[in-house]
1. Report, in deg cm²/dmol and to the nearest 500, the calculated mean residue ellipticity at 222 nm for the chain, where each DSSP H run with n ≥ 4 adds -39500 (n - 2.57) and the sum is divided by the residue count.
2. Using only C-alpha positions, report the orientation-averaged shadow area of the convex hull of the stretch 98-160, nm², one decimal.
3. With a sphere of radius 15 Å drawn around the Cβ of H204, what net charge do the other residues whose Cβ falls strictly inside it have (Lys, Arg +1; Asp, Glu -1)?
4. Taking the chain as the reference, fit the longest principal axis to its C-alpha atoms, fit the long axis of helix 170-182 to the helix C-alpha atoms, and give the angle between the two in degrees, 0 to 90, nearest 10.
5. Which entries in the list K48/K74; K74/K94; K150/K175 go over 23 Å, if you measure between the two C-alpha atoms of each?
6. Determine the sum of side-chain charges near Q104: Lys and Arg each +1, Asp and Glu each -1, restricted to other residues whose C-beta is under 12 angstrom from that of Q104.
7. So what's the angle, to the nearest 10 degrees on a 0 to 90 scale, between helix 64-74 and the longest Cα principal axis of the chain?
8. Let me see the pair-distance distribution of the stretch 80-134: every alpha carbon pair, 5 Å bin width, integer percents in order.
Amino acid sequence: MYKEEVRRLQEIIDDSSQIVFFGGAGVSTESDIPDFRSADGLYQQKYKYSPEQIVSHSFFVQNTEGFYEFYKDKMMFLDALPNQAHLKLAELEKAGKLTAVITQNIDGLHQAAGSKNVLELHGSIHRNYCQKCGKFYDAAYVKGSEGIPKCSCGGRIKPDVVLYEEGLDPDVIRKSIQAISRADTLIIGGTSLVVYPAAGFIDHFRGKHLVVINKSATAREVGAELSIAAPIGEVLGRIVVK
Ligand SMILES: [Zn+2]
């Protein structure tokens, strides 16, 4: 399957030395992390809210307990392991061929696979801070806490995750645009490209090869040189790093 596409991707990667990878939820689904937006209807029946509403700043403020119930159950998968996509991208970085991974995921699996330059547009479940004193807590502490995770000072802990209604970190945006504008190859994987800011970022790409790897057809025509409609881990797993 996809033999010709994988051969072409191998050629492109062999021809590149400044690859940037831009990934979305599809990169983590092969590590058995479901997209929280597709959470089952039980929560919506219970709260009468959509996942997007629950994972919003105002919901966090007004119904912190409900937020954490959903967040711990549907967004924190601490046993998940990196898949072929994460591992191959880390290998490409180590070989000096890939300069940055830009991700919309919050699971930390790129770092778990060994990637160093990871730009997390939506933050990470692995960083959590007390809103009163700023003390740091890891994901296990939050996941294991009863109800709302509290700091030793009594303050409320908030994940360093960008919620709906909150802005992205300008520094992460700046670094992402810089990496894309300097890349010779941009590989977009596991995202439909319709989600902000993915669509806008692509406009900064001035390099040679634009590749899209996504299980379902992408919603937006981006003029990719190569488009592979397959799971990203399956495809990248066949690439040989030279
Ligand atoms: Zn505190």
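Please treat every number below as a calculation from the coordinates, not as lab data. From a predicted model like this one, the values you see are computed outputs, not experimental measurements. FYI the Cβ positions are ideal-geometry reconstructions off the backbone, even for glycines, and counts take in every protein chain you see.
1. About -9500 deg cm²/dmol.
2. So the mean shadow area of the Cα hull is 4.7 nm².
3. Net charge in that neighbourhood comes out at +3.
4. Once rounded, the angle reads 10 degrees.
5. Cα-Cα > 23 Å for K74/K94; K150/K175; rest within.
6. Overall, the nearby charge balance is -2.
7. 40 degrees
8. 4, 20, 27, 21, 13, 7, 4, 3, 1
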